[in-house]
Amino acid sequence: AAKGDARASFHRYQQAMTETLETRLTLEVALREALAVGALELFAQPRFALRTGAVAAFEALVRWPHPERGLLLPGCFLEVAERGGLMASLDAWVFEQALVHLSRWQRLGLPYRLSCNLSAASFRRGDVAAGLGELAGRYGVDPARLELEVTEDLLMHDLDRAAQQLRQLKAQLPGLRVALDDFGRGYSSLAYLRHLPLDTLKIDRAFVADLAAPNLAAPRVREGAPRTQRTALAVIRAVVALGHELGLSVVAEGVESAAQLGMLTALGVDEVQGFFVGSPAPLREVAGAGAAPVPDA
Ligand code: C2E
Ligand code: MG
Ligand code: MG
Ligand code: MG
């Protein structure tokens, strides 16, 4: 019986593997098609400047309106895109959409910057500057309106080369800003920050989550986790000090409650982004309306 069980469980395993592979391949084919016909959609989430309460920038976030599965989040398809070698095309599509919207905003006199995530695949190809330069020229957009978000793992792989590539990008696109995304998520050393031509630090939302319980109106600390909270406070305080020392703008991601917003304000963070202050919405809906001001904390 043991042998039969083993065979049955192997069969189940094989079946599961086949299904996973099938799902992945099906998704990959569909994603390739969606990219080819421009069937993805770009959402945007506001970033508020705490000093003024005004929208400082929007982050472009890709979505895939899937015919059968509904609106898919990047978590469902970016890995498929990576494995299928589609990331560079996906980024290129996002960049073009971003510039279309930026040129519309410029015409409407909307002062917002737009921040786009840059994948490791695009970065390694090394043709981002050329592509963006061409698009900025074609749509008549000032590159100073654009920010690119890069992650630590993308940079840490080869720090010198990454730093040089970022410098080159900024030289070819005057005014372009570079943000370090999900800061603190990786095993980064703070020392390397000095070597990178960054403009913005985005503190990973894990630290924000540890500050105070999410979705709580009252400024109550998450129970049973005073130490986690103290650590998060210390980390954010240190990152704000270091960021400002280096002349960077410090953004906190994943702000989900009034309590967090209050603490981040007290900690001297420059900008906030998160469901509590503004959720991602279709980029084309960001017209003159802009977004709601930061609610009183
Ligand atoms: P990210 O760049 O760190 O983007 C922030 C993510 O946090 C977004 O998830 C956003 O919807 C989510 N978020 C915003 N506010 C809150 C909050 O208050 N609480 C929580 N828990 N989450 C919040 P999303 O859109 O699912 O994107 C996930 C990741 O996929 C992004 O993380 C980014 O790394 C990647 N990504 C998204 N769009 C693009 C894109 O157009 N190109 C590339 N290359 N990567 C993208
Ligand atoms: Mg990002
Ligand atoms: Mg992030
Ligand atoms: Mg994040």
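Residues in region 99-133 that are basic (Lys, Arg), within 19 Å of residue 280 (Cβ to Cβ) and part of a helix (DSSP H, G or I): 104 only.
Looking at residue 96, is it crowded, with 17+ Cβ neighbours inside 10 Å, farther than 18 Å from residue 285 by Cβ and in contact (Cβ under 8 Å) with a residue 12 or more places away in the chain? The answer is yes for residue 96.
Which of the residues belonging to region 19-53 are in a loop (DSSP other than H, G, I, E, B) and either in contact with an Asp or Glu (Cβ under 6 Å, 6 or more places away or on another chain) or at negative phi (or both)?
Correct list: 39, 40, 50, 51, 52.
In the set 34, 81, 60, only one residue is surrounded by 13 or more Cβ atoms within 10 Å (Cβ to Cβ) and touching a residue at least 60 places away in the same chain (Cβ under 8 Å); that residue is 60. Against the test of being at pLDDT 95 or above and either away from ligand 3 (no atom under 16 Å from the Cβ) or of a type in the set (Val, Ile, Thr) (or both), the options 176, 196, 180 yield a single qualifying residue, 176. Output the residues belonging to region 259-288 that are touching a residue at least 12 places away in the same chain (Cβ under 8 Å) and part of a helix (DSSP H, G or I). Matches in region 259-288: 259, 260, 261, 262, 263, 264, 265, 267, 283, 284. Residues of region 99-121 that are crowded, with 19+ Cβ neighbours inside 10 Å and closer than 16 Å to residue 38 by Cβ: 99, 101.
The set of residues in region 134-152 being touching a Ser or Thr at 6+ places or on another chain (Cβ under 6 Å) and either assigned to a helix (DSSP H, G or I) or within 16 Å of ligand 3 (Cβ to nearest atom) (or both) consists of 139, 147, 149, 152. The single residue among 48, 58 that is within 22 Å of residue 279 (Cα to Cα), in contact with a helix residue (DSSP H, G or I) (Cβ under 8 Å, 6 or more places away or on another chain) and of a type outside the set (A, V, I, L, M) turns out to be 58.
Report whether or not residue 179 is among the hydrophobic types (A, V, I, L, M, F, W, C) and more than 14 Å from ligand 2 (Cβ to nearest atom).
So residue 179 does not fit the description; no.
Against the conditions (1) hydrophobic (A, V, I, L, M, F, W, C); (2) surrounded by 11 or more Cβ atoms within 10 Å (Cβ to Cβ); (3) more than 19 Å from the chain's Cα centre (by Cα); (4) at pLDDT below 95, residue 1 satisfies every one except (2).
Within region 133-165, restricting attention to residues that are away from ligand 2 (no atom under 16 Å from the Cβ) and within 17 Å of residue 200 (Cβ to Cβ), which residue is nearest to the chain's Cα centre (by Cα)? Going through the qualifying residues, I end up with 145.
Would you call residue 169 free of Cβ contacts under 8 Å to residues at least 60 places away in the same chain and assigned to a helix (DSSP H, G or I)? Considered against the rule, which asks whether it is free of Cβ contacts under 8 Å to residues at least 60 places away in the same chain and assigned to a helix (DSSP H, G or I), residue 169 comes out as yes. Scanning region 64-77 for residues that are in contact with a strand residue (DSSP E or B) (Cβ under 8 Å, 6 or more places away or on another chain) and either surrounded by fewer than 19 Cβ atoms within 10 Å (Cβ to Cβ) or farther than 16 Å from residue 36 by Cα (or both) yields 65, 66, 71, 72, 73, 74, 76.
The values are calculated or read from the model by the stated rules, or taken from the named source; none is laboratory data. In this text the structure is predicted, and so the values were computed from the model without any measurement. All Cβ positions, even for glycine, are placed from backbone atoms using ideal geometry, and neighbour counts span all protein chains on display.
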